[in-house]
Amino acid sequence: MADQWMEAYRQLPPVSRTMATVVLVSSVGVYTSLLSGYWFVFHPQFLWRFPPQIWRFITAFLLTGPELSILFDTYFVYSYLSQLEAGNPRFSRKQDLLWYLTFVGGAIMVSRYFWSFVFLSRNAPSYLLICPDSVFSTAITVPGKEEDHPCTAGWPIIRNPGWSVVQMMNYLSGLGYGTFLRALILAMCYTVTQDQRGMKASLMFITIPAPMTPFAMLAFNLLFPSGVSNMLLQLLGLLAAHLFDFLTRIWPEYGGGRNLIPTPAFYSTAVQSVEARWGAPSPAAGGGSRGPLPDSWRTRGAGHRLG
């Protein structure tokens, strides 16, 4: 039985199964205190240390929300990423998918700084801060009531005893979010559903047009505590995914231009090196033209002209 489970696991799309597994293991480890969340969250000050803690650019996308969100977020990661990896001709090569994740993840972080510069710098009393004895919980001060409500948590607190961050540093950086997985999930959802025009999707027992799914997910946040904070975070993912879509598809197809952000050559070299070392199978010929049609439609044989 164990061998069958392992074989079934190996048959899953490699990038999707790897990321979903790492997300699940990391999140379970952090929320059960087996791992320290201190080493996962992102904040600019960690980049100014020596040596710079650059791994946080990756680990900031590996933590889900708490409790049931561990299961739901992991499911969404695998679901949307596998649809990109196995069913989208734009990402038929692993290096193209990895470049997509890199660009979108980077755009999410950069847009967070831009958002903070435009909005937070003009509204100093409502800045985001970090509560003492925690590592990057999003908290909001209540102007004029700091004595009664010194801080109100807007995001799960990942504690690290003895650690505190100066409030002004967080205000100047404008980075109230320490993890970005939910923004990446919405970005992948947007990219997947853009190729499903005319199709239907179900979200919480509601059937909607597939391209509307990411917008419904944004609105769905408002039903929960800290929904506005989560919605703003996911909005960054939506903007990042649309930017990637514009630069790689909309502009070349409708603007007469070219792909402005092609996959770097060293991505291909790195993927080929890994596949050569670990014996990963190459993608099947024609795998990039699968499209959104179900497999049963592709096994009907050659078509015949009518009339």
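The values are calculated or read from the model by the stated rules, or taken from the named source; none is laboratory data. What you see is a predicted model; the values in this text were computed from it and never measured. Quick reminder, even Gly has a Cβ in these numbers, built from the backbone with ideal geometry, and neighbours come from all protein chains shown.
Of all positions in region 149-162, at least one carries a residue that is of a type in the set (Gly, Ala, Ser), within 19 Å of Phe224 (Cβ to Cβ), part of a loop (DSSP other than H, G, I, E, B) and at pLDDT below 90. Being closer than 27 Å to Cys189 by Cα, of a type in the set (Val, Ile, Thr) and modelled with pLDDT of 95 or more is a property that does not hold for Val41.
From the list Phe72, Phe61, Phe57, Phe42, the one residue that fits, being assigned to a helix (DSSP H, G or I) and surrounded by 15 or more Cβ atoms within 10 Å (Cβ to Cβ), is Phe57. Please tell me if Tyr113 is among the hydroxyl-bearing types (Ser, Thr, Tyr), surrounded by 19 or more Cβ atoms within 10 Å (Cβ to Cβ) and either at pLDDT 60 or above or part of a loop (DSSP other than H, G, I, E, B) (or both). Here the answer is no, as Tyr113 does not meet what is asked.
In this entry, Ser202 passes the filter for residues that are of a type outside the set (A, V, I, L, M, F, W, C) and assigned to a strand (DSSP E or B).
Might you check whether a residue that is at pLDDT below 85 and buried (at least 17 other Cβ atoms within 10 Å of the Cβ) occurs anywhere in region 205-217? No; the residues of region 205-217 include none that is at pLDDT below 85 and buried (at least 17 other Cβ atoms within 10 Å of the Cβ).
The residues listed here are Leu184, Leu239, Leu223; of these, the one that is more than 19 Å from Ala86 (Cβ to Cβ) and either modelled with pLDDT of 90 or more or of a type in the set (Lys, Arg) (or both) is Leu239. I'd like to know if region 18-32 contains one or more residues that are assigned to a loop (DSSP other than H, G, I, E, B) and of a type in the set (A, V, I, L, M). The answer is no; no qualifying residue exists.
Restricting attention to region 75-105, the residues that are of a type in the set (D, E, K, R) and either touching a strand residue (DSSP E or B) at 6+ places or on another chain (Cβ under 9 Å) or in a loop (DSSP other than H, G, I, E, B) (or both) total 1. In the set (1) outside any loop (DSSP other than H, G, I, E, B); (2) farther than 29 Å from Leu247 by Cβ, Phe50 fails one condition alone, (1).
Cβ-Cβ below 8 Å, separation at least six or inter-chain, first residue in region 49-73 and over 17 Å from Met188 (Cα atoms), second of a type in the set (Val, Ile, Thr): which pairs? From region 49-73, the pairs are Arg56/Val41; Thr59/Val41; Ile70/Val28; Ile70/Thr64. Among the candidates Ser268, Ser282, Ser296, the residue that is more than 21 Å from Tyr75 (Cβ to Cβ), of a type in the set (Gly, Ala, Ser) and at pLDDT 90 or above is uniquely Ser268.
Residues that are modelled with pLDDT under 95 and among the hydrophobic types (A, V, I, L, M, F, W, C) within region 85-106 comprise Ala86, Phe91, listed in sequence order. Considering only residues in region 255-274 that are in contact (Cβ under 8 Å) with a residue 12 or more places away in the chain and assigned to a helix (DSSP H, G or I), the one that is surrounded by the fewest Cβ atoms within 10 Å (Cβ to Cβ) turns out to be Ala270. Does region 1-39 hold any residues that are aliphatic (A, V, I, L, M), exposed (fewer than 12 other Cβ atoms within 10 Å of the Cβ) and within 30 Å of Ser92 (Cβ to Cβ), and which are they? Residues satisfying the conditions are Met6, Ala8.
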